[in-house]
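First comes the structure, then the notes that go with it.
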Amino acid sequence: MIFDALADGPPDGRVVVLLHGFPQTARSWRGVLPRVAAAGHRVIAPDLRGYSPRARSGPYDVRTLVGDVLAFTDGPFDLVGHDWGAAIAWQTAIRHPERVRTLTAVSVPHPLAFTHALRTDDDQRARSKYMRRWAEGDAPDLAPPEDMAPPEAVAAGIEYYKAASARDLEGLGPVTVPTLYVWSTEDDALGPVAAELTASYVDAPYRFVVLEGVDHWIPEREPERLAEAILEHLA
């Protein structure tokens, strides 16, 4: 498969991989990518499986998606993900710490923190009802601040929800690489309980950044602040 990607920064720079969310593409990082590259990093933002026209076929289970991330570059890299990209980034960092120097997760908390919130927090259960609807085939009604992915890519993104299962949690534990978690108070999908629990699932240096008054679309709404936080974390 061939994945389309945006890239910037010196070819010999420290590699930073940016993973986009649903229902977007690598374009969601347009405000972040050049700022991180300007600091001397080699920044790569791929269109993920199903979003990239030459990588449209499944399967779309999380372990396959993690395998894609590991194949994007040789050697260790710094990993940043938003939304579904963050879910994949958590899994990559937890299962392959030998490849991931640092993790930056945007919006989505540690998978075990999220699962705990789903079991114990009525607010998070209410926020997450859309996931079941989409997994059952209901069409999403979203208005991200940047152009959405084309319809065929959105359809592939829905397959991510359909492929999610309890198997995704098998063998998961704390993340053991330095971790930055960026969450925003006006996120309709992801509430404070899982966000605050995430610290309990990090066995490494950890920083939790809260953006007050910002909605779910952090890379587009606050690219300057997000890039600044990422660069502080990389340093």
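Each value in this text was obtained by applying a stated rule to the coordinates, not by laboratory testing. This one's a predicted model, so the numbers in the text were calculated from it and none came from an experiment. In this analysis, Cβ positions are derived from the backbone assuming ideal geometry, glycine residues included, and neighbour counts consider all displayed protein chains.
Data table
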{"item": "Fraction of antiparallel bridges per DSSP, segment 5-234 only, in percent to nearest 5", "result": "15 percent"}
{"item": "Tensor-based shape of the chain (alpha-carbon gyration tensor, a/c under 1.5 rounded, otherwise prolate or oblate)", "result": "rounded"}
{"item": "Size of electric dipole in segment 5-234: Cβ of Lys, Arg +1 and of Asp, Glu -1, about Cα centre, debye, nearest 20", "result": "600 debye"}
{"item": "Contact order relative to length of the chain, as percent, for alpha carbon pairs under 8 angstrom and 6 or more apart", "result": "23 percent"}
{"item": "Anisotropy class of segment 1-115 from Cα gyration tensor, a/c 1.5 cut", "result": "rounded"}
{"item": "Which of 20, 116 has the fewest Cβ neighbours within 10 Å, and the rest in rising order", "result": "116, 20"}
{"item": "Sorted by Cβ neighbour density within 10 Å, fewest at the top, the residues 106, 202", "result": "202, 106"}
{"item": "Top positive-direction residue, dipole computed over segment 5-234 with Cβ charges, set 28, 40, 60", "result": "60"}
{"item": "Mean Cβ count within 10 Å, highest first, over the residues of peptides 208-217, 182-191", "result": "182-191, 208-217"}
{"item": "Length released on extending from residue 206 to residue 118, taking residue separation times 0.36 nm less the Cα-Cα span", "result": "29.4 nm"}
{"item": "Spatial separation of Cα centroids for segment 176-207 and segment 92-106, in angstrom", "result": "14 Å"}
{"item": "Charge dipole magnitude, Cβ of K and R +1, D and E -1 - segment 1-93, Cα centre, debye nearest 20", "result": "160 debye"}
